[in-house]
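Notes follow once the structure below has been shown.
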Amino acid sequence: MAFFDLKRVSKEHSKEALKKSFSAFGKVKFVFLNDDKFDPNFYFGGVNFIELNDKNGFENFCQEQKIQCREKEDRSLQGNNTQHGANRAKKIIPQKQESVQIANPSFYFYKDKAYGKDIEDFSLQNSYEELFSIKGAQTFELTTIYPGLLVGSGYNHPKLKENKDDFQLGFFFDHTTGLPLISGSSIKGVLRSVFAHPEFIKDVYDKDVLNKLNYIFTEQKVIFYDAFIVQSANEDKKIFGSDYITSHYSDEANGEFKEPNPIKFLKILPEVTFRFQFHFLEKDDEVYLELFKDIIQDFGLGAKTNTGYGKFIDHVEQNSWADYY
């Protein structure tokens, strides 16, 4: 399997056309594109190959189309570089690890002596829907896409001394169950930031809501609840993964970059479905539920949305993912 980040993709290309072109070089699992907020003429995104038979051909195609492509390292194979190289030389295939049965991921992440080691193997056995569901609330479900979702990165997280492979950013969990949540205040904040530009709402979403904006957000006519996980379409129902921010520090004296400093952080994987809940205090306001859904899909939630994190699609049933990609 191989994954490539794509940048400077001209909007003359459609996702369907690119997937068809990329299929000439291997078996494509999916292609995704997002609007480049800094240049409206381009997309950024990625392509995931189940099998890549002609890497040179693919890279040459991207060069011809003036698409910047960069292969993303498979983090699942990270570890001791020397041992990994020895395993490859011996053609040893790493064995599949069993899911870790952790009762409370939050406690494990923040209080365990290893500070969350192996949390990526946590298996979602129960969505605790009976605890999170709000009676009478209006709901919709959205599913994360690559690269995933990052929430609570501003929280402090103790890291193991001299261990760069430990998680170095915080994460937001429910205090009772220890499961990840998207806080209602974060959802409200994103929606309110967009509603502060009524003309934009009218032009982009073609919805006449100008007379109701103050009514919704200043008169407190809607309650925003935490969004919770209802299912995972990943193998073994996994919901956690990891990624890295790689910082480079300049050596001003010599005008060179110093050794990069990778910062590891926890994330929610793609193909994890959240249920969003709202309580409209007057029934006629339920018409805004679909607008909320559209805005969340367009703007995303959580941290690093400018690099693709926090993006969602309409909920896709587990047995339909292959058709979606």
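Bear in mind these aren't lab numbers, they're just calculated from the coordinates by the rules spelled out. Bear in mind that the values here come from a model prediction, so they are computed numbers and not experimental data. Don't worry about glycine lacking a Cβ; one is built from the backbone with ideal geometry, like all the others, and counts go over all protein chains shown.
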Inset, instruction - Express the C-alpha Rg of segment 1-72 as a ratio against the empirical globular expectation 2.2 N^0.38 Å, rounded to two decimals. - result: 1.00
Inset, instruction - For each pair in Lys29/Lys293; Lys27/Lys264; Lys20/Lys202; Lys237/Lys311; Lys135/Lys304, compute the distance between the two Cα atoms and list the pairs where it is over 28 Å. - result: Lys27/Lys264; Lys20/Lys202; Lys135/Lys304
Legend entry - Dipole in debye (nearest 20) - segment 1-72, about Cα centre, beta carbon charges: Lys, Arg +1; Asp, Glu -1: 140
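Could you give the length gained by full extension between Asp121 and Gln68, i.e. 0.36 nm per residue of separation minus their alpha carbon distance, to one decimal place?
Values: separation 53, 0.36 × 53 = 19.08 nm, distance 3.30 nm.
Length difference between fully extended and current span is 15.8 nm.
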Inset, instruction - Could you line up Asp298, Asp203 from fewest to most neighbouring Cβ atoms inside 10 Å? - result: Asp203, Asp298
